[in-house]
């Protein structure tokens with residue numbers, strides 16, 4: 001036993017060992033993240049995910065149909081917090097936010113290439129449109145821009161956000177979300193006319209083929 005004048009070494013050793021373990025764990029996790037973010041590994045991971053249908057907000061949270069919308073304006077959100085789509089029909093896009101392969105038309109491929117090229121040039125793209133429910137984001141317009149952000153390893157993306165208040169989901173507020181988006185019709189119309197080279201004529205990147 002240590003005397004009153006001698007320091008107790010076991011707790012100190014335990015603390016040092018714990019600190020070393022935490023540092024090693026942090027280093028391993030950092031290395032794993034770095035490897036995951038390497039372009040080749042990232043593309044392979046996303047291509048695997050593309051075979052899994054993208055979650056649809058109203059399948060995952062049916063009660064969200066009755067939630068009260070609140071406009072939060074334009075903000076930068078984390079790409080990792082985008083959970084799926086708020087636009088049906090469901091199961092038309094993969095987890096990489098691109099259409100499933102049988103649905104990729106020549107028209108869509110042209111739009112996708114323009115979005116991807118602009119993203120690689122670091123061109124400023126219009127904000128995507130999302131709804132936020134239960135702390136996650138669900139895409140209304142801008143799926144191709146989200147996909148480009150994922151494939152490029154982009155961490156954040158600008159978004160026009162409508163918050164759906166879960167506390168109001170038990171009430172019947174049918175149609176309120178559509179009304180909220182209609183209030184921003186001029187902005188959404190401007191977005192729908194954009195192109196990467198000419199903002200006046202092109203349909204939005206999520207327009208049907």
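The values are calculated or read from the model by the stated rules, or taken from the named source; none is laboratory data. It should be emphasised that the depicted structure is a prediction, and the values quoted were computed from it without experimental measurement. Cβ coordinates were reconstructed from backbone atoms using ideal geometry, including for glycine residues, and neighbour counts include every protein chain displayed.
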Revision key, fill the gap. Residue 157 fails exactly one of (1) in contact (Cβ under 8 Å) with a residue 60 or more places away in the chain; (2) surrounded by fewer than 19 Cβ atoms within 10 Å (Cβ to Cβ); (3) in contact with a strand residue (DSSP E or B) (Cβ under 8 Å, 6 or more places away or on another chain), namely (2)
Practice item. Taking only segment 94-117 into account, find how many residues are touching a helix residue (DSSP H, G or I) at 6+ places or on another chain (Cβ under 8 Å) and within 15 Å of residue 151 (Cα to Cα). Key: 9
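Quick check: anything in segment 110-128 in a strand (DSSP E or B) and either more than 21 Å from residue 154 (Cα to Cα) or at pLDDT 90 or above (or both)? Talk me through it step by step, then tell me what you get.
From segment 110-128, those in a strand (DSSP E or B) are 128; that's our starting set.
Of the ones still in play, those that are also either more than 21 Å from residue 154 (Cα to Cα) or at pLDDT 90 or above (or both) are 128.
Checked segment 110-128: at least one residue is in a strand (DSSP E or B) and either more than 21 Å from residue 154 (Cα to Cα) or at pLDDT 90 or above (or both).
Can you tell me which of 93, 132, 167 is exposed (fewer than 14 other Cβ atoms within 10 Å of the Cβ) and in the same structural domain as residue 70 (by TED's automatic domain parsing)? Quick ask: steps written out before the conclusion?
Values: 93 fails: exposed (fewer than 14 other Cβ atoms within 10 Å of the Cβ); 132 fails: exposed (fewer than 14 other Cβ atoms within 10 Å of the Cβ).
Among 93, 132, 167, only 167 is exposed (fewer than 14 other Cβ atoms within 10 Å of the Cβ) and in the same structural domain as residue 70 (by TED's automatic domain parsing).
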